[in-house]
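Here's the structure, in structure tokens; my notes come after.
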Amino acid sequence: MKVRLLDVNSADLPLIEGWLRADHVRRYWGAPEENTRLLHEPPAGGHWRALIEAEGRKVGLVLWQHPTRQELDEAGLHDVPESVIDIDIMIGEAAENGRGVGSAAIRLVADNALADPAVPFAIAASAVDNRASQRAFAKAGFRNDREFDDVPSGRCVLMVRHRQRLEGAT
Ligand SMILES: CC(C)(COP(=O)(O)OP(=O)(O)OC[C@H]1O[C@@H](n2cnc3c(N)ncnc32)[C@H](O)[C@@H]1OP(=O)(O)O)[C@@H](O)C(=O)NCCC(=O)NCCS
């Protein structure tokens with residue numbers, strides 16, 4: 001499976017809006033209205049995004065950012081520094097789920113983030129019942145660090161990949 005990350009162009013936005021409305025995405029990303037607004041008006045500074053291409057087809061979106069101190073403290077993650085990279089992902093094309101694309105894209109983002117020595121580790125918040133997400137992050141070298149309350153989303157698993165866990169995940 002050849003997976004690449006591509007820049008998001010304005011011509012891609014209708015495709016992504018369709019993914020945001022898909023049931024399997026809104027189940028974990030929430031109502032599409034706010035995500036659609038953020039798609040058109042991305043926050044300035046410390047936020048990045050890329051389209052996920054698999055075998056030449058655009059199938060999903062990955063976002064990564066430095067969380068703010070306020071966001072981390074509200075989630076009770078007082079020991080997590082703002083210098084970490086936090087990853088959000090969706091494979092918007094339902095038929096493309098479970099084919100290894102998500103874990104490959106997560107690995108690309110995490111490898112790139114951890115190449116920066118200023119980034120101590122990469123994280124993701126995965127709803128406790130989102131086993132596909134936890135498995136995809138695990139396949140990309142993350143481990144289950146703890147459960148926490150991701151206000152207002154609910155109970156989540158904090159998935160963490162440290163620099164020394166770059167290789168060997170199964
Ligand atoms: C989470 C998501 C990005 C994963 O992408 P993906 O391309 O399906 O991921 P992969 O195929 O690389 O890995 C998924 C793994 O989860 C497994 N899986 C799928 N559903 C599962 C379930 N209900 N229980 C346990 N494992 C499950 C798959 O079998 C696969 O593991 P395997 O390769 O060992 O068989 C994708 O499912 C998605 O977009 N979901 C909707 C949005 C979402 O939940 N985003 C994440 C928010 S943190």
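The values are calculated or read from the model by the stated rules, or taken from the named source; none is laboratory data. Remember, predicted model here, so these are calculated numbers, not experimental data. Positions of Cβ are backbone-derived with ideal geometry, glycine not excepted, and every protein chain shown enters the neighbour counts. Just so you know, the surface numbers come from the protein's heavy atoms only, side chains and all, with ligands and any DNA or RNA stripped out. Shrake-Rupley method; radii C 1.70, N 1.55, O 1.52, S 1.80 Å.
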Consider A94 carefully, then state whether it is out of contact with any Ser or Thr (no Cβ under 9 Å at 6 or more places or on another chain), over 19 Å from R161 (Cα atoms) and of a type in the set (G, A, S). yes
If you take the residues of the stretch 67-125 that are out of contact with any Lys or Arg (no Cβ under 8 Å at 6 or more places or on another chain) and among the polar types (S, T, N, Q), which of them is nearest to R27 (Cα to Cα)? N97
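Rundown of residues vs (1) under 26 Å from D150 (Cβ atoms); (2) β-branched (V, I, T); (3) away from the ligand (no atom under 14 Å from the Cβ), yes/no style:
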{"position": "R4", "(1), (2), (3)": "no, no, yes"}
{"position": "D7", "(1), (2), (3)": "no, no, yes"}
{"position": "P14", "(1), (2), (3)": "no, no, yes"}
{"position": "A22", "(1), (2), (3)": "yes, no, no"}
{"position": "E33", "(1), (2), (3)": "yes, no, yes"}
{"position": "L39", "(1), (2), (3)": "yes, no, yes"}
{"position": "P43", "(1), (2), (3)": "yes, no, yes"}
D86: more than 9 Å from the ligand (Cβ to nearest atom), assigned to a strand (DSSP E or B) and of a type in the set (D, E, K, R), yes or no? yes
Filter the stretch 81-121 down to the residues that are open to solvent by less than 50 Å² (accessible area, probe 1.4 Å) and in contact with a Leu (Cβ under 6 Å, 6 or more places away or on another chain) and list them by number. M90
Selection within the stretch 139-156 - open to solvent by less than 80 Å² (accessible area, probe 1.4 Å) and part of a loop (DSSP other than H, G, I, E, B): A140, G141, F142
From the options V109, V119, V80, residue that is of a type in the set (A, V, I, L, M), modelled with pLDDT of 95 or more, in contact with a Ser or Thr (Cβ under 7 Å, 6 or more places away or on another chain) and not in a strand (DSSP E or B): V119
Of H78, H47, the only residue that is under 12 Å from the mean Cα position of the chain (by Cα), free of Cβ contacts under 8 Å to residues at least 60 places away in the same chain and loosely packed, with under 14 Cβ neighbours inside 10 Å is H47
Has the stretch 128-138 got at least one residue that is open to solvent by less than 30 Å² (accessible area, probe 1.4 Å), touching a Ser or Thr at 6+ places or on another chain (Cβ under 8 Å) and in contact (Cβ under 8 Å) with a residue 60 or more places away in the chain? yes
